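Values quoted throughout were computed directly from the atomic coordinates according to the rules given, and no laboratory measurement underlies them. Note that the coordinates shown come from a computational prediction; the quantities given were computed from them, not determined experimentally. Because the Cβ atoms are built from the backbone with ideal geometry, glycine has one as well, and the counts that use them run over all protein chains shown.
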Amino acid sequence: MRDGSDDQVRQSGWKAQARIRPSRRAIPTAPHAVEVEIDPETGEVVVDRYFMVDDLGQVLNPMIVNASSMAVWRRVSGQALYAACGV
């Protein structure tokens, strides 16, 4: 800290230091597969099955992982349906 607050930190008794040097890069993957049925007369799309595999490592907060996975599902399904419409 260069703003003069180093002394305040020392007096408070709090100290933190971290250094992370990964031995190699992490490349996360998350393949998705969807099985759908499309009614040719109405264009209605029904999702039969949806598969997602996430390479997460150690999960610290399962609620955040679940919410993030659902957000990805909504985003990619919307993109795929929008692209299929030819818009």
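Check which residues have an amide H placed less than 5 Å from V36's amide H, if you skip close sequence neighbours.
Result for V36 returns D48.
What is the spread of the Cα atoms of the stretch 27-84 along each of their three principal axes, largest first, in whole Å?
Extents along the principal axes, in whole Å: 46, 21, 19.
Contact order normalised by length for the stretch 27-84, with contacts defined as Cα pairs under 8 Å and 6 or more residues apart; what percent is it? Mind showing how you got there, number by number?
Values: 42 pairs, mean separation 16.2, N = 58.
For the stretch 27-84, the relative contact order is 28 percent.
Scan around A30 for amide H atoms under 5 Å from its own, H built in the peptide plane at 1.01 Å from N, and keep only partners 5 or more places away or cross-chain.
none
Arrange the peptides 75-82, 37-44 so that the one whose residues have, on average, the most other Cβ atoms within 10 Å appears first.
75-82, 37-44
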